[in-house]
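The values are calculated or read from the model by the stated rules, or taken from the named source; none is laboratory data. Keep in mind that this is a model prediction, so the values were computed, not measured. Neighbour counts run over all protein chains shown; Cβ positions are idealised from the backbone, glycine included. With ligands, DNA and RNA removed, areas are computed over all heavy atoms of the protein, side chains included. Shrake-Rupley method; radii C 1.70, N 1.55, O 1.52, S 1.80 Å.
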Amino acid sequence: MDFSLLGPVTVTAGPQAAPVELPLGPAKRRSVLAMLLLRPNATVSVEQLISSLWEDEPPAHARTVIQGHVSRLRAALAEGGAEDHGVELATHSSAYLLRVPESLIDTQRFDQLTAQASPESAPGEAVQLLRQALGLWRGPALTGTVASPPFAAAAHALEERRLSAVEALARAHEGLGEHEQAVRALHPAAVANPLREGLIAALMLALYRSGRQSDAIAWFHRTRQLLDDDLGVDPGQRLSAAYQEILRAAPAADAPRGGEAAGQQPGGTARPGAQPAAATPQQPLSAAASAPVPELLPRPPAGFHGRGAELAELTRLTLGSAEPAAGGSGGYPQAGGIALLTGPAGVGKTGLAVHWGHVHAAAFPDGRLFADLRGFSGGEAVVPAEVLREFLLALGTPAEQIPISPEAAAALYRSLAARRRLLVVLDNAGSSAQVRPLLPGGPHSATLVTSRSRLDGLIATDAARPVRLHALGTEDGVGLLGALLGPARVAEDPEAARELVALCDGLPLALRAASAQLMARPRWRLARLATALRDERRRLALLSAEDTGVAAALRNSVARLSADDAQLLRALGAGFAREVNTAEAAALSGADPELIQDSLERLAEMHLLDEEATNRYVMSDLVKLFAQGDGSDRDSPGEASGGAADGSPGGPSQGG
C-alpha cells in the first residue's frame with residue numbers, strides 16, 4: 001500500500017508490479033485523507049478538518065459530513081488490505097487518527113532521502129539520493145484537495161521542500177564539476193519560480209561556470225525587472241552577489257563551450273602577444289566587430305499595453321524615424337540622442353524604456369547596456385564609477401585594464417562607445433550629475449534616461465529631449481488589466497474594471513498590485529476588489545505589500561524632499577481641495593506665499609503635484625492619501641527632517 005501526496009492525492013494497493021488505485025471519491029473525502037496523512041500517527045480534531053474543508057461558513061451538518069467521509073475512507077482502505085500493511089483509521093473522541101508506517105507515505109520517504117544527502121561532503125552520493133527523492137513527485141502537491149488556506153499553506157510548504165532539494169541537487173552537481181547538469185536541474189524550477197532569488201542566483205552561477213555568461217546576466221536583469229514590476233523590490237544580497245561575481249570574472253568566462261576564444265589560453269587568460277578582444281581607442285572602427293555584444297537589458301515587461309504615442313516619440317527622438325531606412329546600420333537611420341522619460345512613481349517609465357529597447361534591438365547591433373542608478377530607491381544611489389566598470393566589462397575590457405580613476409574610466413567608455421552603435425538605458429536616475437559620466441560618445445548610440453525628477457540640467461547641458469509619461473487612460477488601463485488577468489475575467493465585469501482603473505489613478509504599478517490581489521484570489525470578481533478599494537483608509541494597504549508597492553514608491557519620492565517641502569505636501573494632503581493655487585497653498589500651510597511658490601514648483605518637479613495650468617496644481621488621489629498618512633506614521637511625509645521625509649532607509653526602487 002502506498003500513500004501519495006506529492007502530486008494527486010492517491011492510495012495504491014496490490015502487487016508492486018501492477019498496483020491498483022483505490023477509489024477515494026470526491027475532493028472533500030480526499031482532503032480528509034490528505035489532512036490525516038499530513039499528520040500521520042497523530043490525532044486531527046473534527047474542528048481542524050472542518051476549518052480545512054470549508055473556506056467559508058461551514059454547513060450546520062459539517063460534523064455529519066466528516067463522519068460520512070471517514071466511514072467511506074475506512075471501507076476503501078479495508079478493501080485495499082489496510083490491516084495487512086499496519087494501517088488503521090481510528091476514532092478518538094472528537095478526533096481521528098491514521099496509524100500508518102511512515103515508509104508508506106511519499107512525503108516521509110522524500111524527507112528521509114533529502115536528510116541523508118550531503119551535497120558538500122559527499123556530492124556523488126547526494127546526486128543519487130536527491131534524484132530518487134525528486135522522482136517521487138508527480139505534479140503539484142496535494143492536487144485534488146479543496147482550495148482552502150490550510151491546504152494551500154501545506155502545498156506551499158511541500159513545494160518549498162522540493163525546491164530546496166533541487167537547489168541541493170545543483171550544489172552536488174557543482175561539487176562534481178557538472179555545471180551543465182546543475183543548469184538542467186535548476187532551469188525548470190527557475191522558470192516556474194521566477195521570484196525565488198536563491199534559485200535564480202544558483203542558476204546564474206551554473207550558467208556562468210558552464211560558459212554561458214550572457215545567459216547568466218540576462219537571468220539577472222530579467223529577475224531584477226520582475227522583482228520591481230511585481231513586488232517593487234530590488235535584488236537581494238544573494239542575487240546581487242552572484243551578479244557581481246560573474247562581472248568580476250567576466251573576461252575569463254564567456255569563451256565558446258567547445259574551445260577557447262581566439263587569443264586565449266584554456267581558462268580564459270590571454271596568450272602572450274594576443275590583443276584584447278575589445279576595440280581600444282587606437283584600434284580602427286572595424287576592430288569593434290570582434291568585441292562582445294552585451295545584452296544587459298532586463299526581460300520585456302509582462303503584459304505591456306498601450307503607450308503608442310510615447311513609443312513613437314522615443315523612436316523619433318533616438319532613431320529619427322519609426323521605420324528602418326535602407327542603407328543604415330541594422331537597416332535603421334544613422335541617428336542617436338538622449339531621451340528623458342519622466343513621470344510620477346509607478347507610471348511605468350522603466351517598463352516603457354525596456355519594452356522600446358527590445359522592440360528596436362536590431363537598431364543597436366553592437367549591444368544594449370542597462371543600469372539601475374537607484375536614484376529613488378530609499379538607499380544610497382549608485383556611484384557612476386560602479387556602472388562604468390560594469391559597462392566596460394560588458395564591452396570586453398579586461399578587469400585589470402579598467403582605469404582606477406573615474407575620469408579615465410569614463411573617457412575609455414566614451415572611446416569604446418564611439419566606435420559602436422549602442423543603446424544605453426540609465427534607469428531611475430536621481431540627478432543630472434549622476435547621468436553625465438555614463439553618456440556614450442559618438443553620434444550613433446542612443447540613450448534612454450528614466451527619472452521621477454525632471455532633470456532640467458540634463459536638458460540644458462546635454463540636449464536631452466523630455467518625454468513626459470502620464471497615467472493610463474481608462475481604456476488602456478482596462479487593457480492592462482486584461483493583459484494581466486486575462487480578457488475573459490475583465491470582460492465579465494467591465495464596469496468594475498473601469499472603476500479599478502480610476503481607483504488606481506491609472507498608474508500601472510497600482511494596477512499591477514490590484515491584479516496581484518485578484519490573481520491570488522481567483523474566486524473574487526473585480527467588483528469585490530473595487531468595493532474594498534473605495535475605502536480610502538485601506539486603499540494604499542491593498543495596493544502595497546509590507547514595505548513595497550505604491551506606498552513604498554511614494555515614500556522614496558518624498559524622501560528626497562526637504563523638511564519644508566514635505567510639510568507642505570502633508571498640509572495639501574490634509575486639505576479638502578484637489579486643486580490649489582499659490583495663495584490657497586499658503587493659507588493651508590501658514591507659510592509665506594513667495595516661499596510656497598518655490599515649494600510647489602519643487603513638488604511638481606518630483607511629480608508629486610501636476611501643474612495643469614499656470615498656478616493651478618493638482619494632486620492625485622493616491623498621493624493625497626499618502627500625504628494624509630493613511631493611518632500609518634511610516635507613510636506620513638510629516639516626519640521629514642534633514643532633507644528626508646522618512647528617517648528609515650525607505651522602500652526599494654520602483655523604477656517607473
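At-a-glance table
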| read-out | value |
| --- | --- |
| Integer Hz, Karplus 6.51/-1.76/1.60 couplings in order for region 453-463, x for Gly and Pro | 8, 6, 6, 4, x, 5, 5, 6, 9, 10, 6 |
| Nitroxide proxy distance, nm - points 7 Å out along Cα→Cβ at residue 493 and residue 456 | 4.5 nm |
| Region 133-190: relative contact order in percent, alpha carbon pairs under 8 Å with at least 6 residues between | 28 percent |
| Relative contact order, percent, region 10-118 [alpha-carbon distance under 8 Å, six or more residues apart] | 28 percent |
| Residue-count net charge about residue 42 - beta-carbon cut-off 12 Å; Lys, Arg +1, Asp, Glu -1 | +1 |
| Percent carbon-and-sulfur accessible area, region 472-593, ignoring ligands, DNA and RNA, probe 1.4 Å | 53 percent |
| Separation of alpha-carbon centers, region 422-460 and region 494-552, rounded to whole Å | 33 Å |
| Accessible area (Å², 1.4 Å probe, nearest 10) - residue 415 | 40 Å² |
| Relative contact order computed over the chain (Cα-Cα under 8 Å; 6+ residues apart), in percent | 11 percent |
| Listed residue (408, 439, 477) projecting farthest to the positive dipole end of region 395-543, Cβ model | 477 |
| Dipole moment magnitude, nearest 20 debye, the chain about Cα centre, only Lys, Arg, Asp, Glu C-beta charged | 1300 debye |
| For region 554-560, 3J(HN,Hα) per residue [Karplus equation, 6.51 cos²θ - 1.76 cosθ + 1.60, θ = phi - 60°, Hz, x = Gly/Pro] | 5, 4, 5, 5, 5, 4, 8 |
| Globularity index of region 107-153, i.e. its alpha-carbon radius of gyration over 2.2 N^0.38 Å | 1.47 |
| Angle between the chain longest axis and helix 149-175 axis [Cα atoms, degrees, rounded to 10] | 70 degrees |
| Dipole magnitude of region 436-479 about its Cα centre (Cβ charges: Lys, Arg +1; Asp, Glu -1), debye to nearest 20 | 180 debye |
| Packing-based ranking, highest mean first, of 180-193, 144-157 given that Cβ atoms within 10 Å are counted | 180-193, 144-157 |
| Cα-projected label distance for residue 465 with residue 16, points at 7 Å along beta-carbon direction, nm | 7.4 nm |
| Overall dimensions of the chain by Cα: Rg and Dmax, Å | 29.4, 91 |
| Given charges at Cβ of Lys, Arg, Asp, Glu: the chain dipole, positive-most of 246, 542, 348 | 246 |
| Of all DSSP beta bridges in the chain, antiparallel share, percent nearest 5 | 50 percent |
| Mean projected area (nm²) of the alpha-carbon convex hull when region 17-135 is viewed from all directions | 9.6 nm² |
| Cα-based helix-to-principal-axis angle, 406-418 vs the chain, degrees rounded to 10 | 90 degrees |
| Expected 222 nm ellipticity per residue - DSSP helices of 4 or more, -39500 (n - 2.57), all of the chain, to 500 | -14000 deg cm²/dmol |
| Region 115-151-region 200-238 distance, computed between alpha-carbon centres (Å) | 24 Å |
| Rounded tilt (10° steps) of 474-485 against the dominant C-alpha axis of the chain | 40 degrees |
